[in-house]
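K.L.:
Pasting a structure below so you can have a look.
The values are calculated or read from the model by the stated rules, or taken from the named source; none is laboratory data. On a predicted model such as this, the values are computed, not experimentally measured, just so you know. Counting neighbours? That spans all protein chains shown, and the Cβs are built from the backbone with ideal geometry, glycine included. Remember, those area values only see protein heavy atoms, side chains included, never the ligands or the DNA or RNA. Shrake-Rupley method; radii C 1.70, N 1.55, O 1.52, S 1.80 Å.
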Amino acid sequence: MKVLVAVKRVVDYNVKVRLNEAGLPDTAAAKMSINPFDEIATECAVQLKEKGVAQEVVAVTIGPQKSLDTLRVAMAMGADRGIHVLTEEHVQPLEVAKTLTKIVEREKPDLILVGKQAIDNDANQVGQMLATYCGIPQASFASKLEVTDSSEAMVTREVDGGVQTVAVKLPAVVTADLRLAEPRYVTLPNMMKAKKKPVETLELAALGVQALSRLKPLSYAQPKKEKKGQILDSVAELVSKLKTEAKVL
């Protein structure tokens, strides 16, 4: 069984992005890392291999040369090899799905794992569009994944009313939610080993995909600062402030 996992290079979740003088997000010197949900998907794929369910884990990323660092992290976690689709253009979700479809056609994996969303755009679109383009089943927002045999997987997914367990025929696309797996710590020796693992580099244009910009940001703004809360001594004081200051009573 082969598992394909997609990873993306994003601004680290600990970084608070500010606007520069031109009013654009200033990410030039920001720390970059693997998208957290993709990291969870990678951990799930590696755990399947450790259990003997999967024989090979292939990591794929789309982006500039610096994206290779993200691919190395996935391989340091346990992916066997990597595929780097090289492009300096900004690739939006639809083109990402089309590109991954080409990779799926080449690799023919039994299971495709992706993060449910990337934290830079929060689009939550790639997994669903990828399954549609490939014409295969999908299970989104997975919090638990069990591969019963080579032809079926049981996926527990989080929904508004709680959790739902579905059976999907393989090959299928599964998008990882927060509780699917806890990513392991990547050690320096494993990072060194990852540098020796094979990486195939492909040009985006060679796959027949154009990086079209269908979405265009119109403006950016910092979130409004909220007023700090107050500690009150009594219910009477609370009611008084709700009447006089908040004017909600």
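K.L.:
Would it be correct to say that residue 167 is within 24 Å of residue 59 (Cα to Cα) and surrounded by 10 or more Cβ atoms within 10 Å (Cβ to Cβ)?
P.N.:
It is false that residue 167 is within 24 Å of residue 59 (Cα to Cα) and surrounded by 10 or more Cβ atoms within 10 Å (Cβ to Cβ).
K.L.:
For the range 1-64, list the strands (runs of 3 or more DSSP E) that sit wholly inside it and hold at least 3 residues that are open to solvent by less than 60 Å² (accessible area, probe 1.4 Å); which are they?
P.N.:
Those strands (runs of 3 or more DSSP E) span 2-7, 56-63.
K.L.:
Also, quick follow-up: All but one of (1) loosely packed, with under 10 Cβ neighbours inside 10 Å; (2) among the polar types (S, T, N, Q); (3) without any contact (Cβ under 8 Å) to a residue 60 or more places away in the chain hold for residue 219; which doesn't?
P.N.:
If we test residue 219 against (1) loosely packed, with under 10 Cβ neighbours inside 10 Å; (2) among the polar types (S, T, N, Q); (3) without any contact (Cβ under 8 Å) to a residue 60 or more places away in the chain, just (3) comes out false.
K.L.:
Testing residue 90 on (1) open to solvent by 50 Å² or more (accessible area, probe 1.4 Å); (2) touching a strand residue (DSSP E or B) at 6+ places or on another chain (Cβ under 8 Å); (3) touching a residue at least 60 places away in the same chain (Cβ under 8 Å); (4) not β-branched (Val, Ile, Thr), one condition comes back false. Which one is that?
P.N.:
(2)
K.L.:
For the range 168-197: of the residues being among the charged types (D, E, K, R) and outside any loop (DSSP other than H, G, I, E, B), which is nearest to residue 107 (Cα to Cα)?
P.N.:
169
K.L.:
For residue 105, only one of the following conditions fails: (1) surrounded by fewer than 21 Cβ atoms within 10 Å (Cβ to Cβ); (2) in contact with a Gly (Cβ under 6 Å, 6 or more places away or on another chain). What is its number?
P.N.:
Looking at each condition in turn, residue 105 falls short on (2).
K.L.:
I need the full set of residues from the range 68-107 which are more than 14 Å from the chain's Cα centre (by Cα), over 17 Å from residue 186 (Cα atoms) and part of a helix (DSSP H, G or I), in order please.
P.N.:
The answer is 94, 95, 98, 99, 101, 102, 103, 104, 105, 106, 107.
K.L.:
Being open to solvent by 30 Å² or more (accessible area, probe 1.4 Å) and either in contact with a helix residue (DSSP H, G or I) (Cβ under 9 Å, 6 or more places away or on another chain) or over 24 Å from residue 110 (Cβ atoms) (or both) is the requirement here; does residue 200 meet it?
P.N.:
no
K.L.:
Residues to consider are 193, 247, 224; find the one that is of a type outside the set (Phe, Trp, Tyr), surrounded by 11 or more Cβ atoms within 10 Å (Cβ to Cβ) and more than 23 Å from the chain's Cα centre (by Cα).
P.N.:
193
K.L.:
Yes or no: the range 32-40 includes at least one residue that is modelled with pLDDT of 95 or more and hydroxyl-bearing (Ser, Thr, Tyr).
P.N.:
no
K.L.:
A further question on this structure: Among the residues of the range 143-178, which ones are touching a residue at least 40 places away in the same chain (Cβ under 8 Å) and hydrophobic (A, V, I, L, M, F, W, C)?
P.N.:
Matches in the range 143-178: 145, 147, 153, 170, 172, 173, 174, 176, 178.
K.L.:
Right, another one. Condition check: farther than 16 Å from residue 174 by Cα, of a type in the set (A, V, I, L, M, F, W, C) and touching a residue at least 60 places away in the same chain (Cβ under 8 Å). Does residue 6 satisfy that?
P.N.:
It is false that residue 6 is farther than 16 Å from residue 174 by Cα, of a type in the set (A, V, I, L, M, F, W, C) and touching a residue at least 60 places away in the same chain (Cβ under 8 Å).
K.L.:
Looking only at residues that are assigned to a loop (DSSP other than H, G, I, E, B) and open to solvent by 80 Å² or more (accessible area, probe 1.4 Å) in the range 230-244, which one is modelled with the lowest pLDDT?
P.N.:
230
K.L.:
Determine, yes or no, whether residue 123 is open to solvent by 10 Å² or more (accessible area, probe 1.4 Å), free of Cβ contacts under 8 Å to residues at least 24 places away in the same chain and part of a loop (DSSP other than H, G, I, E, B).
P.N.:
For residue 123, the condition - open to solvent by 10 Å² or more (accessible area, probe 1.4 Å), free of Cβ contacts under 8 Å to residues at least 24 places away in the same chain and part of a loop (DSSP other than H, G, I, E, B) - is not met.
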